[in-house]
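The values are calculated or read from the model by the stated rules, or taken from the named source; none is laboratory data. None of these values were measured; they are calculated from a predicted model. Glycine also receives a Cβ, built like all others from the backbone with ideal geometry; neighbour counts cover every protein chain displayed. Just the protein is used for accessible areas: all its heavy atoms, side chains included, with ligands, DNA and RNA removed. Shrake-Rupley method; radii C 1.70, N 1.55, O 1.52, S 1.80 Å.
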Amino acid sequence: METGAAGQAGGGGPAAAAAAAGEYWSEALKSFLDHIPVSLDGSVPDAIDSMYRSGVAGAVIVDDVRTSFGKFVDRDIGFVEFPSLVLWAIEEFDKLGSGAGDKNSDFLTSLKQHPQIAETKIAWLAKSFLWEPFFPVRSHDTLFHAMLLFSKHRRINVVPVVELMNSSVIGFVTQNAVMELLLSSSGLEWLDKIADKQLSEFRFANTTKPVSVYSDQTLADALHILSKEKIGVAVVDRKTSCLIGSIQCSDLYQLLDDSSLFRNRKTLSAEEFVKLKSKDEDISTENSSASGGQNVLSLRTGQRITAGLPVTNRKSDTLKQAMEKLTASRSSCSFIVDEHGRVEGVVTARDIISVFSPPCMDSRIDGGTFFSAALAQTGCRVEHGQMIQNS
């Protein structure tokens, strides 16, 4: 990827940084996918069905708001992800008991057979914190604003973009898009000073514990863990403890593609699902090769994982190498493995973004005024590794 505009502005002042930020946003919005609205009064199964049919991994939640003129207008108030709804529905379904549902029904039909699930409204899920907080950025804000949101709010996976506050969403910025834009400044001191460090030098590589299941455990076991952790579940061989695959939130659409996966989730092993997923990814890659670019909220990434294996890195790899692997695969995490293929840790897109955001970022690195200009807009500055609000 060629050096981005923000990197080229390295020698300029705040004006140059602001111009660079504008070009950053225009690049991010090239992948904008027209969003589908989900109503507060809509049911969970209907929302899942709508997103699945539209092929999107998330949707903006809208509510009717009365204006000062007495009219009702749709107001974007939240964001909900396809995986969160699917995992919630499976957990609720399993609470009904093993005999619940018609064994010949598909996923959505099974959900709609039970009022406890079928009649649950999107609005109710706010009590379970299944919405993402709605913190949009404006189109003239800098990329740095999105980075701060991703690094400081653990539940935010997508940042909506609006023209003005309280106006409708015009686009989205994902964590992978942020990493791609950071990589566009590769070769510049402010990025390379951090990105060229080995993963072993970062705290997350040594403290973040990966979640895993053995290959002979069931798909239901893996889905239950996934619903709690919301991070990729490593599938490891029980005898060798080596990584053989992973089950991630981005895989859940397959439960709707093939209804037998949902029906047999309590007997199908995690290893069997990984093998089936590998075949599906090969087909998906062939079908997507002629379809052009990928949308940022695409339900199916259309990317191939080599030999069916998840993204992996060694602790001796650099942060930049991890960034390149994650952006190429559109994966949310990379498993850190030793020389024998045993999982030692995990690095997520959020981990990576956080090291480029204050107070984690080295305050001596100003990005050629790019970061300082972004902070100035928010009334803050960085000193000695701490973010300080200007008096």
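Quick notes on this structure:
- The residue of segment 197-215 that is nearest to VAL347 (Cα to Cα), among those that are open to solvent by 20 Å² or more (accessible area, probe 1.4 Å) and touching a Lys or Arg at 6+ places or on another chain (Cβ under 6 Å), is SER200.
- Counting the residues of segment 159-187 that are closer than 20 Å to LYS325 by Cα and among the hydrophobic types (A, V, I, L, M, F, W, C) gives 7.
- Some residue of segment 198-215 being on the phi > 0 side of the Ramachandran plot and modelled with pLDDT under 95: no
- Test: residue in segment 186-195 that is at pLDDT below 95, surrounded by fewer than 17 Cβ atoms within 10 Å (Cβ to Cβ) and touching an Asp or Glu at 6+ places or on another chain (Cβ under 9 Å): yes
- The number of residues in segment 37-51 that are buried (at least 21 other Cβ atoms within 10 Å of the Cβ) and of a type outside the set (Val, Ile, Thr) comes to 3.
- Selection of segment 216-241 for residues being of a type outside the set (Val, Ile, Thr) and open to solvent by 30 Å² or more (accessible area, probe 1.4 Å) yields ASP216, GLN217, ASP221, HIS224, LYS228, GLU229, LYS230, ASP237, ARG238, LYS239, SER241.
- Hits in segment 318-342 - residues which are over 14 Å from GLY232 (Cα atoms), open to solvent by 30 Å² or more (accessible area, probe 1.4 Å), in a loop (DSSP other than H, G, I, E, B) and charged (D, E, K, R): GLU339
- Filter result (among the hydroxyl-bearing types (Ser, Thr, Tyr) and under 25 Å from VAL80 (Cβ atoms)) within segment 224-271: SER227, SER246, SER250, TYR253, SER259
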